[in-house]
Amino acid sequence: MWQSIFRVAITSVVVVTVSEIAKRNTLWAALVASLPLTSLLAFVWLYADTGDSGRIAALSLDIFWLVLPSLALFLLLPFLLRLGWGFWISLGISCLVTAALYLIMIWIGGRFGSHT
């Protein structure tokens with residue numbers, strides 16, 4: 001139980017840190033946010049729980065393939081905002097497009113025998 005609380009606390013600190021840095025400098029916040037901190041934490045937690053490096057390798061490869069559709073959010077959101085669309089509608093559309101691309105990537109991965 002304490003281990004789970006510790007994990008949530010560490011992960012929360014990362015998210016809060018990014019949002020606080022963004023208030024001062026978006027470039028530095030983007031740098032911290034772009035680091036694969038969540039993935040690194042997941043690797044450490046999974047390895048601590050299972051000691052299975054094969055699962056870490058599979059998780060790492062699956063994350064790689066699923067990063068690709070997530071890039072759509074980071075391209076579409078600023079594009080819509082710069083067109084003058086409101087924040088919430090831009091965010092909603094960007095999330096829907098990203099979710100659709102995730103489903104497509106998962107379908108493609110299933111067709112080729114990947115975990116994704």
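The values are calculated or read from the model by the stated rules, or taken from the named source; none is laboratory data. Quick caveat, the model's predicted, so the values are computed rather than measured. Glycine gets a Cβ as well: all are built from the backbone with ideal geometry, and neighbour counts include every protein chain shown. Remember, those area values only see protein heavy atoms, side chains included, never the ligands or the DNA or RNA. Shrake-Rupley method; radii C 1.70, N 1.55, O 1.52, S 1.80 Å.
Please determine, by comparing only the residues of the stretch 1-28 that are of a type in the set (A, V, I, L, M) and farther than 28 Å from LEU61 by Cβ, which one is modelled with the lowest pLDDT. Here the residue is MET1. Residues of the stretch 95-105 that are touching a residue at least 24 places away in the same chain (Cβ under 8 Å) and surrounded by 13 or more Cβ atoms within 10 Å (Cβ to Cβ): VAL97, THR98, LEU101, TYR102, MET105. Write out, first by first residue and then by second, each pair whose Cβ atoms fall under 9 Å of each other, whose residues are 6+ apart or on separate chains, and whose first residue, in the stretch 66-94, is under 19 Å from ILE106 (Cβ atoms) while the second is aromatic (Phe, Trp, Tyr). Partner pairs satisfying both residue conditions: LEU66/TYR102; PRO69/TYR102; SER70/TYR102; SER94/PHE74; SER94/PHE79.
If we scan the stretch 33-41, do we find a residue that is surrounded by 14 or more Cβ atoms within 10 Å (Cβ to Cβ), within 16 Å of PHE74 (Cα to Cα) and touching a helix residue (DSSP H, G or I) at 6+ places or on another chain (Cβ under 7 Å)? Show your work before the answer.
Our first condition is that a residue be surrounded by 14 or more Cβ atoms within 10 Å (Cβ to Cβ); within the stretch 33-41, this holds for 33, 37, 39, 41.
Then drop every residue that is not within 16 Å of PHE74 (Cα to Cα), which leaves 33.
Next, only the ones that are touching a helix residue (DSSP H, G or I) at 6+ places or on another chain (Cβ under 7 Å) stay: 33.
Taking every residue of the stretch 33-41 in turn, at least one turns out to be surrounded by 14 or more Cβ atoms within 10 Å (Cβ to Cβ), within 16 Å of PHE74 (Cα to Cα) and touching a helix residue (DSSP H, G or I) at 6+ places or on another chain (Cβ under 7 Å).
Listed by first and then second residue, the pairs linking a residue in the stretch 15-31 that is free of Cβ contacts under 8 Å to residues at least 12 places away in the same chain to a residue that is outside any loop (DSSP other than H, G, I, E, B) and open to solvent by 100 Å² or more (accessible area, probe 1.4 Å), with Cβ atoms under 6 Å apart and 6 or more places separating them unless they lie on different chains, are ILE21/TRP28. Scanning the stretch 22-64 for residues that are more than 16 Å from the chain's Cα centre (by Cα), over 27 Å from PHE112 (Cβ atoms) and not acidic (Asp, Glu) yields ALA22, LYS23, ARG24, ASN25, THR26, LEU27, TRP28, VAL44, TRP45, ALA48, GLY51.
Here's a check for you: in the stretch 43-84, which residue that is surrounded by 15 or more Cβ atoms within 10 Å (Cβ to Cβ) and of a type in the set (Phe, Trp, Tyr) is nearest to MET1 (Cα to Cα)? The selected residue is TRP45. Only a single item in (1) more than 25 Å from VAL97 (Cβ to Cβ); (2) at pLDDT below 90 is not met by SER34, and it is number (1).
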